[in-house]
Amino acid sequence: MLRIGVLRFVALPRSSSSSSSSLLFNPFSPKSLPPPPVIRTKLVSRYRTMAYTASSGSSSKLLFRQLFEKESSTYTYLLADVSHPDKPALLIDPVDKTVDRDISLVKELGLKLIYAMNTHVHADHVTGTGLIKTKLPGVKSVISKASKSKADLLIEAGDKIYFGDLFLEVRVTPGHTLGCLTYVTGDGPDQPQPRMAFTGDALLIRGCGRTDFQIFTLPKDTFIYPAHDYKGFTVSTVGEEMLYNPRLTKDEEGFKSIMENLKLSYPKMIDIAVPANMVCGLQDLSERPAESVAK
Ligand SMILES: N[C@@H](CCC(=O)N[C@@H](CSS)C(=O)NCC(=O)O)C(=O)O
């Protein structure tokens with residue numbers, strides 16, 4: 001039987017080992033946000049996850065694929081627990097235009113898609129989560145409660161999204177939008193190591209999506225997988241971005257000045273994408289309320 005529940009956990013005091021001690025302006029300073037909780041997992045380890053390769057590798061448990069939609073330069077991520085008999089899988093930030101590609105891949109790999117997740121309400125493309133539900137009716141759409149959008153599961157800080165024995169932790173990383181989330185692979189002996197953070201538009205590689213967040217409090221070897229890349233990057237790490245991100249290594253005034261002078265154009269799709277994404281990508285989704293999530 002699949003364990004597909006979204007669980008909430010109890011926050012514990014955070015160990016000091018993974019917090020940032022930079023003297024430079026740090027928009028993720030624990031002073032401005034409560035310390036992220038440490039997760040106490042109840043998982044029983046079957047065997048240790050084997051070495052993980054960053055580009056598109058898989059461990060003995062985790063199957064991982066990074067997919068790209070070129071018009072909006074959007075990354076979609078496929079994760080599955082292939083050690084579980086049902087091979088439960090989830091997609092993070094699918095795009096409507098590439099839903100057929102994504103579903104074909106899921107089928108070719110023999111996976112059972114259970115979640116279609118959004119990191120936030122995107123402004124530059126229409127999410128594929130609603131369309132996926134029409135093609136694979138068992139799939140549940142997921143977005144943050146804070147986004148005030150419609151989806152099957154409305155999640156918040158501390159929830160755990162299980163797919164098989166693997167899970168993602170939900171971290172709140174507002175700034176780019178109020179409802180932005182970062183999904184971080186679980187912390188535990190049975191989970192992928194190093195950890196992986198799916199940052200949406202909060203943290204881009206050598207950039208950021210106009211933001212304020214806590215991602216730099218993750219361990220330095222955590223892989224960063226953003227929702228977009230405009231420069232040809234595919235993956236980074238927390239440590240690498242702390243050293244080389246040209247915006248986040250500045251002091252507060254320098255950061256503000258960069259962000260105020262980005263002069264980014266109005267996203268071409270914003271007037272279509274935002275209303276559509278508030279209803280999971282489909283304007284005519286049923287009006288039924290989202291599932292409540294047990295505490
Ligand atoms: N030109 C694109 C949008 C490019 C853009 O503004 N990207 C966003 C994230 S998607 S809304 C952003 O915050 N970028 C930060 C950066 O430094 O590029 C379009 O018209 O859609």
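The values are calculated or read from the model by the stated rules, or taken from the named source; none is laboratory data. Note that the structure is predicted; figures quoted are calculated from it, not measured. Glycine gets a Cβ as well: all are built from the backbone with ideal geometry, and neighbour counts include every protein chain shown. What goes into the accessible areas is simple: the full protein's heavy atoms, side chains included, and nothing from ligands, DNA or RNA. Shrake-Rupley method; radii C 1.70, N 1.55, O 1.52, S 1.80 Å.
The residues on offer are 176, 120, and the sole one that is within 13 Å of the ligand (Cβ to nearest atom) and open to solvent by 10 Å² or more (accessible area, probe 1.4 Å) is 176. For residue 222, the criteria (1) farther than 23 Å from residue 277 by Cα; (2) touching a Cys at 6+ places or on another chain (Cβ under 7 Å) hold in every case but one, which is (2). Which pairs turn up if I take residues in the stretch 264-278 that are over 14 Å from residue 74 (Cβ atoms) and look for partners that are open to solvent by 100 Å² or more (accessible area, probe 1.4 Å) and more than 8 Å from the ligand (Cβ to nearest atom) with beta carbon separation below 7 Å, at least 6 apart in sequence or on another chain? Taking only residues 6 or more apart or on different chains, the pairs are 276/283. Contact map, the stretch 225-243: first residue open to solvent by less than 10 Å² (accessible area, probe 1.4 Å), second residue part of a helix (DSSP H, G or I) and modelled with pLDDT under 95, Cβ cut-off under 8 Å, separation 6 or more or different chains; pairs are 238/215; 238/216; 241/216.
Matching residues to (1) under 21 Å from residue 182 (Cα atoms); (2) modelled with pLDDT of 95 or more:
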position	(1), (2)
213	yes, no
220	yes, yes
235	yes, yes
249	yes, no
256	no, no
267	no, no
283	no, no
288	no, no
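Where strands (runs of 3 or more DSSP E) fall entirely within the stretch 98-173, those with at least 2 residues that are over 22 Å from residue 217 (Cα atoms) are at 112-117, 140-144, 153-155, 160-163.
Taking residue 181 as the residue in question, decide whether it is within 16 Å of the ligand (Cβ to nearest atom) and within 15 Å of residue 157 (Cα to Cα). For residue 181, the condition - within 16 Å of the ligand (Cβ to nearest atom) and within 15 Å of residue 157 (Cα to Cα) - is met.
The condition (being near the ligand (Cβ under 9 Å from one of its atoms), outside any loop (DSSP other than H, G, I, E, B) and not acidic (Asp, Glu)) is satisfied by just one residue among 197, 273: 273.
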